[in-house]
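Working notes, beginning with the structure itself.
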């Protein structure tokens, strides 16, 4: 006679609390991840106004000349390279979180834009990209005439 063990799928599933703990742990302790040999960076904020899409990317320690911005269809790609200024070979690191090398980030744009009229500014490690919305997706105001 064999012992039967009742299978309870809920016991094997990750609880919501465990999933949230893992999400926050990954987000704050490992903000950069190696992806196809590139660091998937930078951290980005994206918002839109009536007339434009604005993307702000944090890329401290990078020169503007080392960053490339491309708009292809409905995607914006920011890529570049951070270069290590000095490498200390004789030291034993206790903590090493700064990332060096190539980075790339591709974002889906929420609406059509006019890529030819895009502007990019770089100040204090923050890259700000302003993409005007295509005329056909901008909100239109219709005036009402009274009789």
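What follows is calculated from the coordinates using simple rules that are stated; it is not laboratory data. This structure is a prediction, so every number in the text was calculated from the model and none was measured. So basically every Cβ, Gly included, is an ideal-geometry build from the backbone, and we count neighbours across all protein chains shown.
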For 126, 59, 142, ascending order of other Cβ atoms within 10 Å (fewest first) is 142, 126, 59
Once both label points are put 7 Å beyond Cα along the C-beta direction, the residue 54-residue 137 separation in nm becomes 1.8
Full extension between residue 79 and residue 108 adds, at 0.36 nm per residue less the Cα distance, a length in nm of 9.0 nm
When 74, 123, 81 are ranked with the fewest other C-beta atoms within 10 Å first, the list becomes 123, 74, 81
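Work out how much length residue 21 to residue 93 would gain on full extension: take 0.36 nm times their residue separation and subtract the Cα-Cα distance, in nm to one decimal.
Contour length minus Cα-Cα distance gives 23.1 nm.
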